[in-house]
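Remarks on the structure that follows.
The values are calculated or read from the model by the stated rules, or taken from the named source; none is laboratory data. Quantities reported herein were computed from a predicted structural model and do not represent experimental measurements. Backbone-built Cβ (ideal geometry, glycine too); neighbour counts: all protein chains shown. We work out accessible area using only protein heavy atoms, side chains counted, and drop any ligands, DNA or RNA first. Shrake-Rupley method; radii C 1.70, N 1.55, O 1.52, S 1.80 Å.
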Amino acid sequence: MTVPEIDPTDPAVLLDPFTAYGRAREQSPVARMAVPGIGTLWIVTRHEDARAMLNDPRFEVNSASFLRPPGLPDHCLPYLRTMAEVDGPEHTRLRRLAAPAFTARRAAAFRSRVEATVEALLDALPDGDTVDLHEHFARPLPMEVICELVGIDPEDRPAWREHGRAVAAGYGEAFKDAIPEVIANALAAVARRAEEPGDDVISQLLRARAEDGDRLGEAELVTLVWHLVLAGQTPTNLITNGLVALLEHPDQLAALRADPALLPGAVEELTRWVGPQLLTTIRYTREEVAFGDVVIGAGEAVTAAIASANRDPRVYDAPDELDVTRTPAVGHLSYSHGPHFCLGAAFARVQTEVALGAVLRRFPELVVDGEPRRIPDGGTWRFASLVVRR
């Protein structure tokens, strides 16, 4: 079997990763990609294989799965080992501590606060016939919601927004410079909640630590706080991607306007079709593993192409078509799968549903003004702006 090679710098891959990864999927269950700074990756291209890999202990997430900028201050180092880069009992312990705050029931109960935030942001949109919904709506919404949930005071949120923007932009000087500030902010937030506990994640974690001091160390707690806040801003791109997709597919938009009850399923379809994450976190093989006739050796880097798995014709009928009425038998992989399934998935669903519903309700004549400006990013399908005419 010939294993296809994918060039991450190829404009065709950057501009249309769904087609590029889909073509590889139909050639082979795995592809290869050389990534600067990481080396050569194996890419699992098909839904069934990707789902199995993400739940297989032979594929390990570890510190090598993430790039860290060199030269960080020594005092930052104890706070950089997040839940995302550990496996086994340590990951299970940390996840179990945080999970009660992120259940579907908690997300449903939090919905009214999400609705209030959405309405406030839409009320505050700049005057004029046109507005950038990415900059003024989709970007600030998730950070406001996650700060409220975790326990970041309103006066401290502007700093989190700025640092979150730098981290979301990716590797670079701004990213490197933001890390010490993020850790300092997390330390301050924990200290504040220790003095003024409330109904939030930090307070819950502090109470758990008081009940059993060995369960969560100080560095673990601070690391968990900043990781939850920054990870919680990811629905930004899903909201913008969803709006662009609907505005570019007027038949699907009309179906949603005619029947708002379709919205929860439409959010799942949009997440499948234009979910922001194109590739999963890199795993490393603990032993030799085979996909079909292709054998991957021990210690090699492997990722799954969500962009192709979510459009696998072996799983979905007409997978390249957007269909807000779709009721698939198998779920998408946009929130990953297995032990590292996205902790905030329920909140992302609620935010996206509330955000899209409010925009469609309040702006019945909404159209795109010009061409949405997309950021070429090999790992994330995202836009720099979405200017619309109301």
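Ratio of region 23-129's C-alpha Rg to 2.2 N^0.38 Å, to two decimals? Show your work: numbers first, answer last.
Details: Rg = 20.6 Å, N = 107, 2.2 N^0.38 = 13.0 Å.
Its radius of gyration relative to the 2.2 N^0.38 Å reference: 1.59.
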| Between residue 156 and residue 115, what is the spin-label point distance in nm, taking each point 7 Å from the Cα along the Cα→C-beta axis? | 2.9
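Looking at the P(r) of region 289-390, how many percent of alpha-carbon pairs lie beyond 21 Å? Mind showing how you got there, number by number?
Working: 3044 of 5151 pairs.
Cα-Cα pairs of region 289-390 separated by over 21 Å account for 59 percent.
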| query | Average projected area of the Cα convex hull of region 173-283, in nm²? | reply | 10.9
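Dividing the convex hull volume of the Cα atoms of region 108-154 by its residue count, what figure in Å³ per residue is obtained? Before the final figure, lay out the partial values.
Details: hull volume 3.6 nm³, N = 47.
Measuring per residue, one finds 76 Å³ for the Cα hull of region 108-154.
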| task | Would you mind getting the accessible area per residue of the chain, heavy atoms of the protein chains only, 1.4 Å probe, in Å²? | result | 44
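Using the Kirkwood formula on the Cα atoms of region 71-208, what hydrodynamic radius do you get, in angstrom to one decimal? Can you show the working numbers first?
Numbers: mean 1/r = 0.0587 Å⁻¹.
About 17.0 Å, per the Kirkwood formula over Cα pairs.
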| query | At 222 nm, what helix-only mean residue ellipticity would the chain give, in deg cm²/dmol to the nearest 500, using -39500 (n - 2.57) for each DSSP H run of four or more? | reply | -14500 deg cm²/dmol
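Using 0.36 nm per residue of separation minus the Cα-Cα distance, give me the extension gain between residue 55 and residue 389 in nm, one decimal. Write down the numbers at each step before the final one.
On the way: separation 334, 0.36 × 334 = 120.24 nm, distance 4.42 nm.
Full-extension gain reported as 115.8 nm.
Multiply the residue separation of residue 327 and residue 298 by 0.36 nm, subtract the distance between their alpha-carbon atoms, and state the gained length in nm to one decimal. It would help to have the intermediate numbers written out before the result.
Values: separation 29, 0.36 × 29 = 10.44 nm, distance 3.84 nm.
That pair, residue 327 and residue 298, stretches by 6.6 nm at full extension.
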| message | Per residue of region 6-13, what does 6.51 cos²θ - 1.76 cosθ + 1.60 with θ = phi - 60° give for ³J(HN,Hα)? Whole Hz please, x for Gly and Pro, Karplus curve as stated. | response | 10, 9, x, 9, 5, x, 5, 6
| note | For the pair residue 103 and residue 207, the simple spin-label estimate (label points 7 Å beyond Cα toward Cβ) gives in nm 1.3
| Which net charge results when you count Lys and Arg as +1 and Asp and Glu as -1 among the other residues whose beta-carbon is under 15 Å from that of residue 58? | -4
| task | Taking amide H positions as placed in the peptide plane 1.01 Å from N, state which residues far from residue 386 in sequence (5 or more) or on other chains have amide H under 5 Å from it. | result | 133, 134, 135
| query | Where the centre of each part is set by its Cα atoms, how far does region 330-390 sit from region 139-197, in angstrom? | reply | 21
| note | The ³J(HN,Hα) series, computed from each phi in region 237-244 with the Karplus coefficients 6.51, -1.76 and 1.60 at θ = phi - 60°, rounded to the nearest Hz and given as x for glycine or proline, is 6, 5, 5, 5, 4, x, 5, 4
| said: Can you bin every Cα-Cα distance in the chain into 10 Å intervals starting at zero and give me the percent of pairs per bin, rounded to whole numbers? | reply: 5, 22, 32, 27, 13, 2, 0
| Stretch in the chain that is longest and holds no chymotrypsin sites (Phe, Trp or Tyr not before Pro) that DSSP places in a loop and that have at most 16 other beta carbons within 10 Å | 172-340
| request: With N set to the residue count of region 1-47, report its C-alpha Rg divided by 2.2 N^0.38 Å to two decimal places. | output: 1.07
| How much of the accessible area of the chain, probe 1.4 Å, is carbon plus sulfur, in whole percent? | 52
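Between the DSSP loop rule and a limit of at most 16 other Cβ atoms within 10 Å, which GluC sites (Glu not before Pro) in region 296-371 are left? Can you show the working numbers first?
Working: sites: 300, 321, 353, 365; in loops: 300, 321, 365.
For GluC sites (Glu not before Pro) across region 296-371 that sit outside H, G, I, E and B with at most 16 neighbouring Cβ atoms in 10 Å, the list reads 300, 321, 365.
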| request: Would you kindly derive the ³J(HN,Hα) couplings of region 16-33 from the backbone phi angles with the Karplus curve 6.51 cos²θ - 1.76 cosθ + 1.60 (θ = phi - 60°), listing them in order in whole Hz, with x for Gly and Pro? | output: 8, x, 5, 6, 4, 6, x, 5, 5, 4, 6, 8, 6, x, 9, 10, 10, 8
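What number in nm² do you get for region 225-269 if you take the convex hull of its Cα atoms and divide its surface by four? Walk me through the numbers before you get to the answer.
Numbers: hull surface 14.3 nm².
Averaged projected area of region 225-269's Cα convex hull equals 3.6 nm².
Please give the FRET efficiency for residue 72 paired with residue 258, using the beta carbon to beta carbon distance and R0 = 45 Å, rounded to the nearest 0.05. Spell out each step's value before the answer.
Values: r = 53 Å, r/R0 = 1.17.
Efficiency, from the Cβ-Cβ distance: 0.30.
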